[in-house]
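Right, one structure below, let's go through it.
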């Protein structure tokens, strides 16, 4: 079974900064040995810091096992009543539904009942 990791906005910005552990996860997804999920809200939050355009993101999003999950109607309703920022709630939702680990540089954003955390 292929492991799943869910990057939050801090892990995505770490990847762009060249963080070795974040990059290793991305390389594993590129090699097809790991599924890497980037929730759309986390991508948007990360891009606030990065200031990129579609060309900036193309290489990051290209590998087949890198999946950007949308904030669609049902997901919005599901996360709408939870506590925390929208990005964190979307990350928790995706990690819960995929049984994936959350990758973050800011573990204090997550409550004790969150899916497993991997801190960069």
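Here the condition is being farther than 14 Å from residue 8 by Cβ and either modelled with pLDDT of 90 or more or over 13 Å from the mean Cα position of the chain (by Cα) (or both); of 78, 94, 45, it holds for 78 alone. For residue 33, the test of being loosely packed, with under 14 Cβ neighbours inside 10 Å and farther than 17 Å from residue 101 by Cα is failed. If the condition is being surrounded by 15 or more Cβ atoms within 10 Å (Cβ to Cβ) and either touching a helix residue (DSSP H, G or I) at 6+ places or on another chain (Cβ under 9 Å) or under 11 Å from residue 8 (Cβ atoms) (or both), then region 98-112 contributes 100, 101, 102, 103, 104, 105, 109, 110.
The set of residues in region 69-81 being surrounded by 14 or more Cβ atoms within 10 Å (Cβ to Cβ) and closer than 17 Å to residue 45 by Cβ consists of 69, 71, 75, 76, 79.
Looking at 95, 87, just one residue is buried (at least 16 other Cβ atoms within 10 Å of the Cβ), closer than 29 Å to residue 33 by Cβ and out of contact with any helix residue (DSSP H, G or I) (no Cβ under 7 Å at 6 or more places or on another chain), and that residue is 95. Filtered by the rule that a residue be in a helix (DSSP H, G or I) and surrounded by fewer than 21 Cβ atoms within 10 Å (Cβ to Cβ), region 3-25 gives 13, 16, 17, 20, 21, 23, 24.
The values are calculated or read from the model by the stated rules, or taken from the named source; none is laboratory data. Computed from a prediction, not measured in an experiment: that's the story for all the values here. Glycine also receives a Cβ, built like all others from the backbone with ideal geometry; neighbour counts cover every protein chain displayed.
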